[in-house]
Amino acid sequence: SIQFSSSTTSMMETAKGLRRPLPDHHLTRVWQTLLLAVAIAGAPLAAATGYQVVGTVGMVTDLVERVAGDRAVVTGLLGAGVDPHLYKPTRSDVRKLIAAEVIFYNGLLLEGKMTDVLIRAATAGKKVHAVTELLEQDYLLQPAEFEGHYDPHVWMDPAAWSQAVAVIRDQLIAHDAAGQATYTAHAAATMKELERLDTYAVKVLASVPKQQRVLVTAHDAFNYFGRRFGYEVVGIQGLSTESEAGVQDIERLVDLLVDRNIGAVFVESTVSDRNIQALIQGAAAKGHRVTIGGELFSDAMGAPGSYEGTYIGMIDHNVTTIARALG
Ligand code: ZN
């Protein structure tokens, strides 16, 4: 079960916690230029139908849209197929951040190359919140190879993501008290849906025989998923897609596939399938047939407007794809 910490952590405290130096007070050129442009225009960049809220990854933005409803204009920065580990904010992102009153991001260094721009936004008076800020340290996984860093992929566990809903609800109420009843009702409905999703996932994933519950993916995005649903998880690349898989890693994984008689591995929408193809070929060279079990959505949702383009649809798709391929 997930416990709440008694106090919330601000963006600046999070920054200190990560032992990063605080930024100096010189704004980057792009930030400075845009602030100047706003000052000259003398008006907010977006028309004011409700206040502006920005989310980083789709999984965060989807929850914010659900909780905010019509009371805010919600904009997401990272779209389908975009890898958040490597993503650098664009000028257009900075413009959206300037227009926003409240900003939500995943945190735990998922958006590693956005940290500076988020800190600058907080320094400029925006309310900046990590949706993972209420998760207790003993809930979070800290893989050995990532000494000092937590695994950021908590949305893979619907129960944990339900706590993200609580963060969004509380921070929207803090910003817009008049919307309290709306935010509370929307959050409760969303949490109920996530509970149903979790129950469904437990049932479907338990249909796979125990010895076949091994999930081999391109990068290490499924640790929380594995813990929640009782699957052994093997990522070819590390927690971040920045780390490279070596020849020895591939050989070790080929042996695992052969020894455990695992017949399917999975590609991810945000990660190159080069390593997965190397695994399949390596196994074939040893006379063991491995197929691609399907594409999983790990660090981004599917296309906008599609079922997989929602948080619930993305998890549902993953659960169904995994159970079909392994079961
Ligand atoms: Zn990832």
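Couple of notes before you dig in:
- Subset tally (residues that are open to solvent by less than 30 Å² (accessible area, probe 1.4 Å), in a helix (DSSP H, G or I) and at pLDDT below 90) for the range 254-275: 1
- Inside the range 283-303, residues that are away from the ligand (no atom under 16 Å from the Cβ), open to solvent by 20 Å² or more (accessible area, probe 1.4 Å) and among the aliphatic types (A, V, I, L, M) make up a count of 4.
- Residue check for Val102: over 18 Å from the mean Cα position of the chain (by Cα), more than 20 Å from Ala174 (Cα to Cα) and open to solvent by less than 30 Å² (accessible area, probe 1.4 Å): no
- Checking each residue in the range 105-116 for being crowded, with 21+ Cβ neighbours inside 10 Å and on the phi < 0 side of the Ramachandran plot picks out Tyr105, Asn106, Leu110, Glu111, Met114.
- Selection count, the range 245-273, where residues are of a type outside the set (Val, Ile, Thr) and within 16 Å of the ligand (Cβ to nearest atom): 6
- Among the residues listed as Ala122, Ala159, the single one being under 15 Å from the mean Cα position of the chain (by Cα) and open to solvent by 20 Å² or more (accessible area, probe 1.4 Å): Ala159
- Considering each residue of the range 213-221 in turn, none proves to be surrounded by fewer than 22 Cβ atoms within 10 Å (Cβ to Cβ), free of Cβ contacts under 8 Å to residues at least 40 places away in the same chain and β-branched (Val, Ile, Thr).
- Filtered residues of the range 77-122 (kept if within 16 Å of the ligand (Cβ to nearest atom) and among the aromatic types (Phe, Trp, Tyr)): Tyr87, Tyr105
- Test for Gly226: is it at positive phi and either surrounded by fewer than 16 Cβ atoms within 10 Å (Cβ to Cβ) or within 16 Å of the ligand (Cβ to nearest atom) (or both): no
- Flag if Glu232 is more than 16 Å from the ligand (Cβ to nearest atom), touching a residue at least 40 places away in the same chain (Cβ under 8 Å) and open to solvent by 40 Å² or more (accessible area, probe 1.4 Å): no
The values are calculated or read from the model by the stated rules, or taken from the named source; none is laboratory data. Predicted model only: the values in this text are computed from it and were never measured. Heads up, the Cβs are rebuilt from the backbone with ideal geometry, glycines too, and the neighbour counts pull from every protein chain shown. Areas reflect the complete protein model, heavy atoms only, side chains present, ligands, DNA and RNA absent. Shrake-Rupley method; radii C 1.70, N 1.55, O 1.52, S 1.80 Å.
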